[in-house]
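Data block below; observations after.
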Amino acid sequence: MFKKAKGHPDVEEVVAFLGKGTDFRGVLHFEGTIRVDGRLEGEVFTKDTLIVGDSADITGNLNIGTLITSGKITGNITATKMCHFVAPGTLNGDVNTPVLHVDEGFRFNGRCDMKRDDKVVGHIMPKEDSAKAV
């Protein structure tokens, strides 16, 4: 029943599932990958993966490793690894992540910060060496 997330070979097998019709309120801490298809109100903390299904409705801030969502999220997201936003989902809030994938049809209303711990991403050549690079 639970398989690796489609298109995400690094995402582990789902270890917990909050199904459609589930209503959870509070603070959620977990290890591994969980999937939410119900309603969640509160905060989520993990270094691992949160998968948010089409029928999910999450209100609160997420502090996670990886997020894959096609559901509705209202709140701010801090992801240390990456976020993948899939249609028909929506996000009303800000995102802080080093890697962001947004599929056509996903509605994102907020700001995005893609810094990696204040380190420069990529390599920028000094001016004096730029002419030699050609």
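In Å³ and rounded to a whole number, note down the convex hull volume per residue for the Cα atoms of segment 14-112. Could you put the intermediate results ahead of the total?
Details: hull volume 7.0 nm³, N = 99.
Convex hull volume per residue, Cα atoms: 70 Å³.
Work out how much length T80 to E13 would gain on full extension: take 0.36 nm times their residue separation and subtract the Cα-Cα distance, in nm to one decimal.
Using 0.36 nm per residue and subtracting the Cα-Cα distance, I get 22.2 nm.
Would you mind calculating the gained length between S55 and M114 on full extension (0.36 nm times residue separation, minus the Cα-Cα distance), in nm to one decimal?
Between S55 and M114, full extension yields an extra 18.5 nm.
In terms of modelled amide H atoms, which long-range or inter-chain residues lie less than 5 Å from the amide H of F108?
The answer is L91.
FYI, it's all coordinate maths here, none of it is from the lab. Just so it is clear, the structure is predicted and the values come from calculations on it, not from any experiment.
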